[in-house]
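Have a look at the structure below, then the notes.
The values are calculated or read from the model by the stated rules, or taken from the named source; none is laboratory data. A quick note: this is a predicted structure, and the numbers were derived from the prediction, not measured. Glycine gets a Cβ as well: all are built from the backbone with ideal geometry, and neighbour counts include every protein chain shown.
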Amino acid sequence: MTADPGAAIRAATDAAQRAAGVIAARRRGDDAGAEALLESFPDEGAKAGAFFVLADLAIALLASASNQSTDEVVQDLTILLAANATVPDQR
């Protein structure tokens with residue numbers, strides 16, 4: 001029996017969509033919805049992989065939209081993260 005080569009891609013896409021849903025729910029103040037989506041991941045590895053795929057795609061989209069390199073976008077994000085490390089949650 002041959003494994004479906006598209007199954008892994010579909011699983012990664014589904015997981016990344018759930019990761020995006022977690023962020024969207026959190027940003028709109030739906031903590032219960034965000035928690036439910038987080039609990040839908042089978043394990044921490046799947047969760048980390050989903051958020052990695054989502055972050056990679058978001059950085060690529062931002063780089064394309066801003067006519068910056070991926071490295072420039074990552075540098076800007078790193079600066080923003082460092083600046084906000086001591087700022088309370090501003091949802």
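When Ala58, Ala20, Ala25, Ala46 are checked against the criterion of being of a type in the set (A, V, I, L, M, F, W, C), assigned to a helix (DSSP H, G or I) and out of contact with any helix residue (DSSP H, G or I) (no Cβ under 8 Å at 6 or more places or on another chain), a single residue qualifies: Ala58. The single residue among Ala34, Ala25, Ala50 that is within 16 Å of Ala11 (Cα to Cα), surrounded by 15 or more Cβ atoms within 10 Å (Cβ to Cβ) and in contact (Cβ under 8 Å) with a residue 12 or more places away in the chain turns out to be Ala50. Would you mind stating whether Gly21 is within 26 Å of Val74 (Cβ to Cβ), modelled with pLDDT of 95 or more and not basic (Lys, Arg)? Taking the combined requirement at face value, the residue satisfies it.
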